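Working notes, structure below.
The values are calculated or read from the model by the stated rules, or taken from the named source; none is laboratory data. Note that the coordinates shown come from a computational prediction; the quantities given were computed from them, not determined experimentally. We place every Cβ from the backbone using ideal geometry, glycine too, and count neighbours over all the protein chains shown. Just the protein is used for accessible areas: all its heavy atoms, side chains included, with ligands, DNA and RNA removed. Shrake-Rupley method; radii C 1.70, N 1.55, O 1.52, S 1.80 Å.
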Amino acid sequence: MAEENNNENKPLVNVAELRQIRLDKLAALQEAGKDPFKVTTAKQDYHSKYIVEHFDELENKTISVAGRIMTKRPMGKASFININDRDGKIQAYVRKDEVGDEEYADFKKYDIGDIIQVTGYVFKTKTGEVSIHASDVKLLSKSLLPLPEKYHGLTDKETRYRQRYLDLIVNPEVKDTFMKRSAILRAVRDYLDSNDFIEVETPLLVQNAGGASARPFYTHYNALNEDLKLRISLELYLKRLIVGGMERVYEIGRVFRNEGLDRRHNPEFTLMEIYQAYTDYNGMMDLTENLFRYVSQKVLGTTKIVYQPDETFPKVEIDLSKPFKKVTMVDCVKEYSGVDFSEIKTDDEAKKVAKEHNIAYEERHKRGDILNLFFDEYCEKNLVQPTFLMDHPIEISPLTKKKPDNPDYVERFEVFMNGWEMGNAYSELNDPIDQRKRFEDQEKLLAQGDEEANHTDEDFLTALEYGMPPTGGIGFGIDRMVMLLTNAESIRDVLLFPTMKPLE
């Protein structure tokens, strides 16, 4: 880190010394009755981007802008500064004879990182840069710690994730990612709302964390002296609303899964689940294609995505304009591994072929579980272009309708892009008798040590007994959608505050 001492023009590198210099400046301001921390409001007529884009209408008009000083270029009795706000940066030109001797003397002591308000008229410099010709400069907040120095910046990823506020200040592309994240969520809601879906909210604290295969987090509710869990899915409550006749519902919310950290997993993440009565998983395929195309076009202006976070990644071009490929899990495994599970009839045969292909499995695993393990090993990484992987084995799909012509499989698909699972959809199981049997099978897995198996949810079964119409449902990982559309390397790049290991 480095900073220019306004008195001696001498580079300083000791952060404690730099902080003390700034504290001394603050004390002097306070003693002079100019405490910036007593300022309660400021004027910000326009953001920088708007001023640049609407220069013709704003030229020579007096306006006020506010933001953080990022550069200062003093030239005797005048200075140029760059001010960063939410949308970018704007240059200001500050002259001593325009703002006055006392105000200019105070201004010269302002530091990089200080937050100010500049009032003046809009003009263009000789080089054509849209700028503010200042008539007044006001200190709004004093920065007591120096920003990372200009040329090396904030590059250490651990520091960036832990101090996201600093990352946002000094790395403009990071702010752009999160502005796009907001635009993506807005576009998702626009699409669903325009198709007559209703956004709802369901509980985060639950007695029974079901709807997915994942280990939950536990907590304790003191008022009722009751142990509760954080939800791992949105599914079972949203289906209750379908029973209640709401017909088209969705929720975008945080879920919590007690699992590891890696490039695509964070223990808390944003999930969207959508349920539509009187359709099935084919209807969900149509919705998925249309939703991805709409969001990409709305946010990026194109349906062709180029994914390459840096030169260490192969360049991937994904075309959302074409119909998504459809392939069953059995056919996909056959294509990439050479093993045809349509010819494997028993659990023992499946375990035998798993051994032959060095696929690790557990003794409790059945044929369908091992088919899924083959998919994970051989297929997932190859599904780069948008693909619907269809018709999963019943063993890994406890909440899904069976295929009428082949009850060993269910009407389920996962949508893959860039080798990532982007969503998971079903023709929802609405038979309460079959659902109870599936829960009983899950309870057996729990007893055998499977911490990700579901408990029986009696209230959900009661809801089903009142009758749920044929329904299609899908869950999307919003964070992965944002990763793909913002060219992000890791899920931590699209979460403002990702989970981090404690420093100590």
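Remarks
- For the residues 363, 343, 311, 335, the requirement of being over 19 Å from residue 213 (Cβ atoms) and at pLDDT below 95 singles out 311.
- Residue list for the stretch 52-74, restricted to those being closer than 30 Å to residue 167 by Cα and not β-branched (Val, Ile, Thr): 53, 54, 55, 64, 66, 67, 68, 70, 72, 73, 74
- Test: residue in the stretch 295-310 that is under 17 Å from the mean Cα position of the chain (by Cα), touching a residue at least 24 places away in the same chain (Cβ under 8 Å), within 15 Å of residue 425 (Cβ to Cβ) and assigned to a strand (DSSP E or B): no
- Looking across the stretch 153-183, the residues that are in a helix (DSSP H, G or I) and open to solvent by 50 Å² or more (accessible area, probe 1.4 Å) come down to 157, 158, 162, 165, 172, 173, 175, 176, 179, 180, 182.
- When the stretch 110-131 is filtered for residues that are touching a residue at least 24 places away in the same chain (Cβ under 8 Å), part of a loop (DSSP other than H, G, I, E, B) and of a type in the set (Val, Ile, Thr), the ones remaining, listed by number, are 112, 125.
- Strands (runs of 3 or more DSSP E) lying entirely in the stretch 359-428 (those with 2 or more residues that are touching a residue at least 60 places away in the same chain (Cβ under 8 Å)): 387-390, 412-417, 420-427
- The residue that is least open to solvent (accessible area, probe 1.4 Å), counting only those in the stretch 311-342 that are of a type in the set (Ser, Thr, Tyr) and in a loop (DSSP other than H, G, I, E, B), is 321.
- Whichever residue in the stretch 450-467 is over 15 Å from residue 395 (Cβ atoms) and of a type in the set (Gly, Ala, Ser) and, among such residues, is surrounded by the most Cβ atoms within 10 Å (Cβ to Cβ): 463
- Selection within the stretch 408-449 - buried (at least 17 other Cβ atoms within 10 Å of the Cβ), under 32 Å from the mean Cα position of the chain (by Cα) and of a type in the set (D, E, K, R): 411, 412, 414, 428
- Matching residues in the stretch 184-204 - criterion: being assigned to a helix (DSSP H, G or I) and surrounded by fewer than 16 Cβ atoms within 10 Å (Cβ to Cβ): 186, 189, 190, 193, 194
- Residues that are under 18 Å from residue 121 (Cβ atoms), surrounded by 18 or more Cβ atoms within 10 Å (Cβ to Cβ) and of a type outside the set (A, V, I, L, M, F, W, C), drawn from the stretch 63-81: 67, 79
- Within the stretch 72-109, being in a helix (DSSP H, G or I) and without any contact (Cβ under 8 Å) to a residue 40 or more places away in the chain holds for 96, 97, 98, 99, 101, 102, 103, 104, 105, 107.
- Residue count for the stretch 224-236, restricted to those that are open to solvent by less than 80 Å² (accessible area, probe 1.4 Å) and either among the aliphatic types (A, V, I, L, M) or not in a loop (DSSP other than H, G, I, E, B) (or both): 8
- Of all residues in the stretch 193-207, those that are within 18 Å of residue 225 (Cα to Cα) have Cβ atoms under 8 Å from Cβ atoms of residues that are β-branched (Val, Ile, Thr), 6 or more apart or on another chain, in 205/219.
- Qualifying residue in the stretch 367-377 (condition: within 34 Å of the chain's Cα centre (by Cα), more than 23 Å from residue 215 (Cβ to Cβ) and surrounded by fewer than 16 Cβ atoms within 10 Å (Cβ to Cβ)): no
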